[in-house]
Amino acid sequence: MAQLEILTFPDDRLKQVSTEVEIFDDSLHAFLKDLEETMDEGPPSVGIAAPQVGRFERIVLVDVSIKPKIPNHGRLILINPKIVAEQGQVVGREGCLSVPDFTGNVARAESIELEAKDAHGNTISFSMEGYEARAVQHEMDHLDGLLFLDHLVSRRDLFRRKKYK
Amino acid sequence: MKNWFMLTLIGQDRPGIVAGLTRALFENGCNLGEASMVRLGGMFTIMMMVETESDRTELITLTRPMEASTGIRVHIDEIEGALHSHIEPNYRFTVYGADQAGIVAETTETLARLRLNIINLETDVGGTDENPIYIMHIEGETKAKQEKIERALVELAKRKNIEIRVIPINTLIG
């Protein structure tokens, strides 16, 4: 196991589009362990994508279960993930391990239907919403060479309206 | 040695203020940091961090031609500030209602009692001369619980007959 170095912007490699995983072998499983260790031992985060550590394959890890009171599916290893349906739009604040000392407001789909492969190449699918859906969309962006900086909205764009009066 | 300065600018709004100022600073070796630039009541305003090896007097000399030709006023202070010292906000507040004296004072006093550190505050006056409405956005950081904040603000909202929304900011780091 090894903790991998996280690429930080403006490293051009973060703009690279990643390729699909085709072989689900021991080398992939070893990498997944390293990726998990990198996420667990590094600064607190709810996800990480393979290109953030310089491996340009369509692999993301998402785990929002450390956040209190947020519906979640636990720790997800998503390989070749695809969003097959999405609904709604909501603005929330994001930061990124690859963009230190900056956070900004980003609009994302509120709920998504997701298909992916697990570590053994089996097809898995999820319906998710809110924070977990945001985390998956944030991580999947990395697979296409995008950062949350590519989706920033201005400070004045409103968050989801909730009335407490 | 380079020092940080805070440059404050106020002038009648027109196209080209930012370009004119920042070109002069760029050509004289200044580096720009964080900035807030906004049109307020027909005036254009700038608060901007400027890093330079020049001293305050040299920086003032740089901006003087612009002041003389356009009536813009520039003020410069040497500051202790530095980059990479962000505080992450964990609440956002939207306040609006019929314009009346005291909205900002009473709201921010309530938030100060909750030990909220304001990181960003913007206000606007909309509506008409006869019926102006006041709109305020605040982002800040406090350890206070949402329920406690809401209790304090509900009382204020009722008393002033204004709308106050509290939105927790749960920043996602991925």
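The values are calculated or read from the model by the stated rules, or taken from the named source; none is laboratory data. Since this is a predicted model, take the numbers as computed values, not measurements. Cβ sites come from the backbone with ideal geometry, for glycine too, and all protein chains shown count toward neighbours. Surface accessibility is based on the protein's heavy atoms, side chains included, excluding ligands, DNA and RNA. Shrake-Rupley method; radii C 1.70, N 1.55, O 1.52, S 1.80 Å.
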Once label points are set 7 Å from the Cα along Cα→Cβ at both B:Ala35 and A:Glu20, what is their separation, rounded to one decimal in nm? 4.7 nm
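Pairs A:Lys82/B:Lys145; A:Lys15/A:Lys117; A:Lys33/B:Lys145; A:Lys69/A:Lys117: which are spaced more than 32 Å apart, C-alpha to C-alpha?
Values: A:Lys82/B:Lys145 37 Å; A:Lys15/A:Lys117 24 Å; A:Lys33/B:Lys145 37 Å; A:Lys69/A:Lys117 27 Å.
Violating the 32 Å Cα-Cα cut-off are A:Lys82/B:Lys145; A:Lys33/B:Lys145.
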Taking a crude spin-label model, label points 7 Å out from Cα along the C-beta direction, the B:Arg113 to A:Lys82 distance in nm is 5.7 nm
Degrees between helix B:146-160 axis and first principal axis of chain B (Cα, 0 to 90, nearest 10): 90 degrees
Rounded to whole Å, give me the distance from the Cα center of region B:11-37 to that of region B:113-146. 28 Å
What dipole magnitude, in Debye to the nearest 20, does the protein assembly as shown give about its Cα centre under +1 on Lys/Arg Cβ and -1 on Asp/Glu Cβ? 1500 debye
Phi-based couplings in Hz for region B:112-118 (Karplus 6.51, -1.76, 1.60; Gly and Pro marked x): 5, 5, 8, 6, 7, 9, 6
Per residue of region B:128-144, in order, report the coupling 6.51 cos²θ - 1.76 cosθ + 1.60 (Karplus, θ = phi - 60°) as ³J(HN,Hα) in whole Hz, putting x for Gly and Pro. 10, 4, 6, 10, x, 10, 10, 10, 9, 10, 10, 10, x, 10, 8, 8, 4
Take chain A, drop everything but the C-alpha atoms, weight them equally and run the Debye formula without solvent; then report log10 I(q)/I(0) at 0.12, 0.13, 0.14 Å⁻¹ to two decimals. -0.51, -0.60, -0.70
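Find the sum over both chains of the accessible area lost when A and B are paired, probe 1.4 Å, and report it in Å² to the nearest 100. Each step should come with its number before you reach the end.
Values: alone 9420 and 11100 Å², together 17930 Å².
In total, chains A and B hide about 2600 Å² from solvent.
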For a Förster distance of 25 Å, can you work out the FRET efficiency between the beta-carbons of B:Ala98 and B:Glu122, rounded to the nearest 0.05? 0.85
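Just to be sure I understand: if I project the alpha-carbon convex hull of chain B onto a plane and average over all orientations, what area do I get in nm²?
Values: hull surface 52.7 nm².
Mean orientational projected area (chain B, Cα hull): 13.2 nm².
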Points 7 angstrom from Cα along the Cβ direction at B:Glu106 and B:Ser69: gap in nanometres? 4.9 nm
Can you give the Rg to Rh ratio for the protein assembly as shown, taking only C-alpha atoms and Rh from Kirkwood? 1.04
